[in-house]
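Chemist: This structure is in structure tokens; I'll ask about it shortly.
Every read-out reported here was derived from the displayed coordinates using simple, explicitly stated rules and does not represent laboratory data. Note that this is a predicted model, so its numbers are computed, not measured. Neighbour counts run over all protein chains shown; Cβ positions are idealised from the backbone, glycine included.
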Amino acid sequence: MDRSDIFNLDNLESVVRNKFGTNKEVKLKDLTNNYSAIPNDYERIELKLESEEVFSELRDKIQPICTEFEKEGYGANLFTAVYEAVLNAYQHGNKKDTSKKITLAYKHSLEHLDLMVEDEGGVVDSNFVPFVLRHREGVYKEKFLNFYEFSGKEKPDKNQGTGTSFMHQYVDSVNYLISEKGGLIVHMVRNKPAPEKKKKKKKSHKRKRRNRKN
């Protein structure tokens with residue numbers, strides 16, 4: 001894309017990036033009054049991360065659930081998508097505030113698995129708007145996008161900035177909703193792969209050789 005294009009999402013100087021990439025936080029409730037809620041028939045797990053070893057604590061709480069879903073046929077790498085969604089909720093949504101909780105909710109059917117991750121932060125970085133739009137163009141399929149490179153910000157320690165790309169890569173759809181409390185809800189859907197059809201073995205017909213008399 002021409003870098004002078006006013007809607008070029010990769011150019012920090014484009015009109016769309018100047019409008020939405022102001023490096024300011026955006027209050028989600030200021031964006032819309034169209035709020036969503038996790039349905040009542042979803043299974044819920046309330047997460048409060050209080051340990052300094054947040055990464056290992058997250059793995060311990062999420063891994064057993066994802067392992068069960070993988071056994072049910074939802075494929076590998078599901079853990080990575082859920083882990084990154086919850087980690088984003090903790091770091092960027094709740095700003096590592098241990099008094100705020102994260103809700104992981106899920107519901108599965110024969111065809112697909114619905115996952116929702118809700119934080120209580122109430123804000124997003126304005127650069128996140130064009131960042132998500134860039135993902136919806138499918139660019140992450142060629143190369144994972146780094147949020148800090150995309151927004152022109154310095155990358156903090158222990159944060160790679162590629163969590164959103166992992167989420168979009170390992171589930172079939174990702175939608176972003178605003179909760180009634182003003183937090184962000186990340187809604188991910190993972191379709192169950194169709195079972196592979198067993199190939200029928202072709203019967204080999206060997207010609208019988210006739211015994212010849214010498």
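Chemist: Are any of the pairs Lys27/Lys95; Lys27/Lys153; Lys96/Lys158; Lys101/Lys192; Lys100/Lys155; Lys95/Lys143 more than 18 Å apart by Cα-Cα distance, and if so, which?
Modeler: Table pairs above 18 Å Cα-Cα are Lys27/Lys153; Lys101/Lys192; Lys100/Lys155; Lys95/Lys143.
Chemist: Could you list Leu145, Leu28 in order of exposure, starting from the residue whose Cβ has the fewest other Cβ atoms within 10 Å?
Modeler: Leu145, Leu28
Chemist: For Ile65, Ile38, Ile102, Ile45, what's the fewest-to-most ordering of other Cβ within 10 Å of each Cβ?
Modeler: Going from least to most buried by this count: Ile45, Ile65, Ile38, Ile102.
Chemist: Give me a comma-separated list of calculated 3J(HN,Hα) values for segment 151-167, in order, Karplus coefficients 6.51, -1.76, 1.60 applied at θ = phi - 60°, integers in Hz, x for any Gly or Pro.
Modeler: So the Karplus estimates, Gly and Pro as x, are 9, x, 10, 6, 6, x, 5, 6, 8, 8, x, 10, x, 5, 5, 4, 4 Hz.
Chemist: Within segment 39-73, what residues put their amide N at less than 16 Å from the label point 7 Å along the Cα-to-Cβ vector of Lys181?
Modeler: Flagged as within label range: 39-40, 44-50.
Chemist: By counting other Cβ atoms within 10 Å of each Cβ, how are His168, His108 ranked from fewest to most?
Modeler: Fewest-to-most Cβ neighbours within 10 Å comes out as His108, His168.
Chemist: Here's a follow-up. Using the basic label-point model (7 angstrom from Cα toward the beta carbon), what is the Lys107 to Glu68 distance in nanometres?
Modeler: Roughly 1.7 nm, to one decimal.
Chemist: Then there's this: Taking H as built 1.01 Å from N, whose amide H comes closer than 5 Å to the amide H of Val123, not counting residues under 5 places away?
Modeler: Placed amide hydrogens put Leu28 under 5 Å from Val123.
Chemist: Further, regarding this structure: If you stretched the chain out fully between Thr80 and Tyr148, how much longer would it get, using 0.36 nm times the residue separation minus the C-alpha to C-alpha distance?
Modeler: Residue separation times 0.36 nm, minus the Cα-Cα distance, leaves 22.5 nm.
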